[in-house]
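What follows is a short report on a single structure.
The values are calculated or read from the model by the stated rules, or taken from the named source; none is laboratory data. If you're wondering where the values come from, they're calculated on a predicted model, not measured in any experiment. All Cβ positions, even for glycine, are placed from backbone atoms using ideal geometry, and neighbour counts span all protein chains on display.
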Amino acid sequence: MAEYFARVELHGARWPDDYANLHAALAKHNFTNCVTVTGGAQKRLPTGLYYSPDRVDDNERVGNAVKGCADSTGYRNEVIVIKNAGAYSFLSQNC
């Protein structure tokens, strides 16, 4: 199983209203904008950054799913998907 982070930029979109459809579409693909940090607390990721644990898909399949979600918003967009090999964070906002 693998974990993935996805960063989506919707050009011309306003946060948070214009990202609601993206958030809902990504949730259907097991992506969330929250992550569990050391100590077990749930913290919110920065704007446009999403996380998906326990994936059996490869980078291309995950990337295509995220790109499809971004395209469904109607905004021009940029997407990057990163297979997680470990992360350390300094996040302050609780989920």
inquiry  = When you scan the stretch 44-63, do you find a residue that is on the phi > 0 side of the Ramachandran plot, surrounded by fewer than 17 Cβ atoms within 10 Å (Cβ to Cβ) and at pLDDT 90 or above, even just one?
reply    = no
key: The lone exception for Y4 - which of (1) more than 13 Å from the chain's Cα centre (by Cα); (2) in a strand (DSSP E or B) it fails   = (1)
inquiry  = Checking the structure you have, find out if any residue of the stretch 31-42 is closer than 19 Å to H11 by Cβ, touching a Cys at 6+ places or on another chain (Cβ under 7 Å) and modelled with pLDDT of 95 or more.
reply    = no
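Would you confirm whether or not the stretch 56-67 contains a residue that is within 18 Å of S92 (Cα to Cα) and under 11 Å from the mean Cα position of the chain (by Cα)? Give the steps one after another, and end with the answer.
At the first step, the residues of the stretch 56-67 found to be within 18 Å of S92 (Cα to Cα) are none.
No; the residues of the stretch 56-67 include none that is within 18 Å of S92 (Cα to Cα) and under 11 Å from the mean Cα position of the chain (by Cα).
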